[in-house]
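Everything on this sheet refers to the single structure shown next.
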Amino acid sequence: MLSDEELKHFQDILLAKRHETQEELNELKELSKEKDQSSENAAYASHIAEMGTDAQEQEKIYLLTERLNDFLRNLNEALDRIANKTYGSCQICGKDIDKERLEAVPQTQLCLECKVKMG
Ligand SMILES: [Zn+2]
């Protein structure tokens, strides 16, 4: 069980990470918009190879966006657990998660043992 001070500490880390992730998502959105515009222009260009690269770029942006959205969801869930004070205990075995592990992966829901078992 974490103290209120410790919960506050992890809340600060999670909020900072959430802010960072949201900024990154905004940047990706902008990037994706630019790419959309350039692929419209590319319709007039005869360089098929360039269009291929653009599609790959779009795909990369899409995958990265998905990953960041997943991360964001995990951060929000961790913040919820801080709010209802279940943060810091493993969702499977209920044991306290190592503080070192929480420092390294503050959005984690599992202790290292369960994480390893889950693969
Ligand atoms: Zn566990």
Computed over the chain: longest principal axis from alpha-carbon atoms vs helix 48-83 long axis, angle to nearest 10 degrees, is 20 degrees
Farthest towards the positive end of the dipole of the chain, among Thr65, Leu79, Met118 and with Cβ unit charges of +1 on Lys and Arg and -1 on Asp and Glu, lies the Cα of Met118
Amide H proximity to Ser89 below 5 Å, modelled H, separation 5+ or other chain, gives Ile97
Per GNM of the chain with C-alpha springs under 10 angstrom, the most fluctuating residue out of Ile61, Ile92, Ile82 is Ile92
Flagged as over-length at 32 Å C-alpha distance, from Lys29/Lys99; Lys60/Lys115; Lys33/Lys85; Lys85/Lys115; Lys33/Lys117, the pairs are Lys29/Lys99; Lys33/Lys85; Lys33/Lys117
Rounded to the nearest 10, the angle in degrees between the Cα long axis of helix 4-42 and the longest principal axis of the Cα atoms of the chain comes to 10 degrees
Checking Gln58, Gln37, Gln109 against a Gaussian network model of the chain (alpha-carbon springs below 10 Å), the top fluctuating residue turns out to be Gln37
Quick calc, the chain, dipole around Cα centre from Cβ unit charges on Lys, Arg (+) and Asp, Glu (-), nearest 20 debye, gives 560 debye
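No lab work stands behind these numbers, since they all come straight from the coordinates. What you see is a predicted model; the values in this text were computed from it and never measured. So basically every Cβ, Gly included, is an ideal-geometry build from the backbone, and we count neighbours across all protein chains shown.
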